Amino acid sequence: MSTLTQWEAFHSGSDTVDVGQDVLTSWRRSKWSGIDPHDVPIPRVAIPADSPFHRAATPVLLRMAESLADSNTSLALADRRGNVLWRWTSDRQLGRDLDDVDMVPGATFDEALVGTNGIGTALESGKLAVVIGSDHYVGSFHRWACAAAPVRHPLTGKVVGAVNVTCRASEANQFFRWAAQSMADDVSGALRTDAATRERRLYDAYLAARRHSSAPLLALDERTFIADEIASNLGLEHKTVWRTVRTLPSGYRIDLAPTLSANVIRVDAHDLSAGAVLAVVVESTPAPVPSPSPAPTAEHLMHRHLSPLEVAEYAVIKAAMTTADGNKTAAAAQLEISRGTLYQKLDKYRLLDH
């Protein structure tokens, strides 16, 4: 049974077609995403003119292009979202044919948007994807063959993009499978070299700032965070700080926390991805002024010199005088003491005017 017959069987409702498991799984994902199996518009996005991934990968693809100059082949580089960043074709006619299906820089080949295809399926599966002719979910791509491999960053292990080889389906061979995986491996190696170079450059900038500043210092880019002992104890989170500083120029001052700010020093004014050094300013805050204690009353001062028994006696006599509304005879009767004894105690406890 031909692949086209299998493709037609799948779209007619049969899910028992005899195709490779990877392709069948991708078809199912595409169907669940609601992709039209006959034709689909290719989304377009604005792409950056430059990026570390683009810079590291392009020389690798150009070296491969030299060996493919006499073939009917196209090479492409895509970011981790399936957006085509760069494309090369071996001849003008192939380029025009690919333009007709929107395989151009800025086009998005996310599998969830355009169905089974080399770039999108490699990114979705995380491994080499070979999609030939009717392996494509969308019928308008059936005349093409693609082999794409995801590129993983050598330090983080995360997929950062994909490389893709395209030719006409009638010209597909085992070479383009090898070419895709070889380029992916070589781009990963280039990223390793680039990361080591960038980290050294960032660290050198940090050391240079250290020689001229006594402030707490930290240096960072998207993947690296360097901090001295003081800065490392300020509780600053790498990703949060990078989001704040990544596009700011040298000389800019940013707020990091209610009592923290920092002066920005770019590693390279023309390459913001190279990172920045931050000279941290810890702003002092005035110590809180304690609320003044209320002035001690005469009663409080007197109690400092009384025993617990005398304090109790004082309270009883004061209460009796209050109940008697100041009438000393009535208070003495209530306390069952003589009027003379009451006078003595009122004098002792300074209650004569109570």
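For the list (1) surrounded by 14 or more Cβ atoms within 10 Å (Cβ to Cβ); (2) in contact (Cβ under 8 Å) with a residue 12 or more places away in the chain, I need the number of the one condition that ALA69 fails.
ALA69 satisfies all of (1) surrounded by 14 or more Cβ atoms within 10 Å (Cβ to Cβ); (2) in contact (Cβ under 8 Å) with a residue 12 or more places away in the chain except (1).
Quickly run through region 40-78 and pick out the residues that are farther than 29 Å from GLU199 by Cβ and basic (Lys, Arg).
ARG44, the sole residue that qualifies.
Would you please list the contacts, defined by Cβ atoms under 8 Å and residues six or more apart or on different chains, that run from a residue in region 337-352 that is under 17 Å from THR322 (Cβ atoms) and modelled with pLDDT of 80 or more to a residue that is among the aliphatic types (A, V, I, L, M) and loosely packed, with under 15 Cβ neighbours inside 10 Å?
Listed by first residue and then by second, the contacts come to LEU346/LEU352.
Pick from region 222-252 the residues that are surrounded by 12 or more Cβ atoms within 10 Å (Cβ to Cβ) and over 21 Å from ASP204 (Cβ atoms): which of them is nearest to the chain's Cα centre (by Cα)? Break it down stepwise before answering.
Keep residues of region 222-252 that are surrounded by 12 or more Cβ atoms within 10 Å (Cβ to Cβ), which gives 222-228, 230-232, 234, 236, 238, 241-242, 244-246, 248, 250, 252.
With over 21 Å from ASP204 (Cβ atoms) added as a condition, the list becomes 234, 236, 244, 252.
On the way: LEU234: 19, LEU236: 14, THR244: 11, TYR252: 22 Å.
Only one residue tops the list, namely THR244.
Can you tell me which residue within region 258-273, out of those that are surrounded by 13 or more Cβ atoms within 10 Å (Cβ to Cβ) and at pLDDT below 90, is farthest from ALA227 (Cα to Cα)?
ASP271
Of the numbered conditions (1) touching a residue at least 12 places away in the same chain (Cβ under 8 Å); (2) out of contact with any strand residue (DSSP E or B) (no Cβ under 7 Å at 6 or more places or on another chain); (3) aliphatic (A, V, I, L, M), ALA9 satisfies every one except a single condition; which is it?
(1)
Quick one: is GLU111 assigned by TED's automatic domain parsing to the domain that holds TRP178 and within 35 Å of the chain's Cα centre (by Cα)?
On the way: assigned by TED's automatic domain parsing to the domain that holds TRP178: yes; within 35 Å of the chain's Cα centre (by Cα): yes.
Considered against the rule, which asks whether it is assigned by TED's automatic domain parsing to the domain that holds TRP178 and within 35 Å of the chain's Cα centre (by Cα), GLU111 comes out as yes.
Filter region 76-93 down to residues that are within 14 Å of TRP144 (Cβ to Cβ) and touching a residue at least 60 places away in the same chain (Cβ under 8 Å), then give me how many there are.
1
Kindly evaluate ARG266 against the criterion of being basic (Lys, Arg), touching a residue at least 40 places away in the same chain (Cβ under 8 Å) and closer than 25 Å to PRO48 by Cα.
no
The values are calculated or read from the model by the stated rules, or taken from the named source; none is laboratory data. Because the structure is a prediction, the values reported are computed rather than measured. Every residue, glycine among them, receives a Cβ derived from its backbone with ideal geometry; neighbour counts consider all protein chains shown.
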